[in-house]
Amino acid sequence: MIILRPVILASASETRRKMLERTGLVFEIAAATLDEEKLKQKLTASGVGGEDFPLALAEAKAREVAENHPESLVPGPLVPGPLVIGADQILECEGQRFDKPQDLAEARRQLETLNGKTHSLTSAVCVLDGDRVAWSHSDRAFLTMRSLSANSIDSYLQTLGEKNLRAAGLYQLEGLGSRLFLSVEGDFFTILGLPLFSLLEFLRSQGLMET
């Protein structure tokens, strides 16, 4: 008898959910609720930077969800506990990190800062097996935003709407955000928020995806 391990995605991201659903992976969602801003401040104060920053956030999210699912920490003798997938993404431009804007005014300031420049998006994923990091990975993409006029920025934000301010950088490349850019270097799924191909390879190694 083949017993498939349960998989938990520790993310409220609709984009990540859709990405994994389209692969055919069977999983449940239990979004992490930790105070991200407080954790980011702690990591910054500790000198954590580069790709280690989103990796630390991804692991923290996975651990919080695992702690709220005791069966993931104490696997049974017949059915192993679930693997918990945490993920995070960081946008950086000229040494400055950007978070999701809280309102349209902040959104405008972010676009004005990124305007005409190249920035990076680093997406990280961490998989916990019990309380052990079974696998983690990060990947970076580079995006060059075209020079936008003030009217173009206003028009974009008006079309986007305040309710859609849910991504660092204020764009979803698969949709309206594509009109902001001159060029993109890197993996499309990394830009969306998850280094999907690498994650699928790990899941295949665990017998959770077809080889």
Only residues that are farther than 19 Å from Glu51 by Cα and in contact (Cβ under 8 Å) with a residue 24 or more places away in the chain: list them for region 185-201, please.
-> Leu200
Ala134, sole failed condition from (1) buried (at least 20 other Cβ atoms within 10 Å of the Cβ); (2) under 30 Å from Arg5 (Cβ atoms) | (1)
Which one of these is touching a Leu at 6+ places or on another chain (Cβ under 9 Å), assigned to a loop (DSSP other than H, G, I, E, B) and under 25 Å from Ala12 (Cα atoms): Leu157, Leu143, Leu194, Leu111?
-> Leu194
Only one of Ser136, Ser123 is touching a Ser or Thr at 6+ places or on another chain (Cβ under 9 Å), assigned to a strand (DSSP E or B) and among the polar types (S, T, N, Q), namely Ser123
Look through region 52-69, keep the residues that are charged (D, E, K, R) and out of contact with any strand residue (DSSP E or B) (no Cβ under 8 Å at 6 or more places or on another chain), and return whichever of them is farthest from Lys38 (Cα to Cα).
-> Glu67
For Thr122, state whether it is closer than 21 Å to Ile191 by Cβ, under 22 Å from the mean Cα position of the chain (by Cα), surrounded by fewer than 19 Cβ atoms within 10 Å (Cβ to Cβ) and at pLDDT 90 or above.
-> no
Could you grab me the full set of residues in region 186-197 that are touching a helix residue (DSSP H, G or I) at 6+ places or on another chain (Cβ under 9 Å) and of a type in the set (Gly, Ala, Ser)?
-> Gly193
Selection from region 171-185 of residues buried (at least 17 other Cβ atoms within 10 Å of the Cβ) and either at pLDDT 90 or above or in contact with a strand residue (DSSP E or B) (Cβ under 9 Å, 6 or more places away or on another chain) (or both) yields Tyr171, Leu173, Leu180
Residues in region 149-170: is at least one surrounded by 12 or more Cβ atoms within 10 Å (Cβ to Cβ), without any contact (Cβ under 8 Å) to a residue 60 or more places away in the chain and closer than 23 Å to Ala58 by Cβ?
-> no
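The values are calculated or read from the model by the stated rules, or taken from the named source; none is laboratory data. A quick note: this is a predicted structure, and the numbers were derived from the prediction, not measured. Positions of Cβ are backbone-derived with ideal geometry, glycine not excepted, and every protein chain shown enters the neighbour counts.
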